[in-house]
Amino acid sequence: DLTQLTLGVDRDNATVAFDYDERDPGVKQMIRWAVEGCRRNGIHSGLCGQ
C-alpha cells in the first residue's frame, strides 16, 4: 500500500503496473522517514508486505 500510494500507481492495473516498483527511491525515503519518526518518539515500528 505504501508503494502504491507513494507512486500513485495501481499495481492491479495492467496499463500502469509497470511503474510499480517498491525499490523506487521515493518509497525508500518514505520508509526512512517513518522509521526515523518512530525512533524519535520511542515507538516500535515494523514492516510487512510482499
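Since every read-out is calculated from the coordinates, none of them should be taken as a lab result. Not measured: the values here are computed from a predicted model. In this analysis, Cβ positions are derived from the backbone assuming ideal geometry, glycine residues included, and neighbour counts consider all displayed protein chains.
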Any chance you could run the full-extension gain for Thr6 through Phe18? It's 0.36 nm times the residue separation minus the Cα-Cα distance, nm to one decimal.
2.8 nm
Match the structure shown to one of the listed values (i) 25, 45, 22, 7, 0; (ii) 35, 58, 8; (iii) 23, 39, 27, 11, 0 of P(r) over Cα pairs in 10 Å bins from 0, in percent, computed from it, and give that label.
(i)
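To the nearest 20 Debye, how big is the dipole of the chain about its Cα centre, given +1 on the beta carbon of each Lys and Arg and -1 on that of each Asp and Glu?
Dipole size: approximately 380 debye.
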How tilted is helix 25-40 with respect to the longest principal axis of the chain? Cα atoms for both, answer in degrees (0 to 90, nearest 10).
20
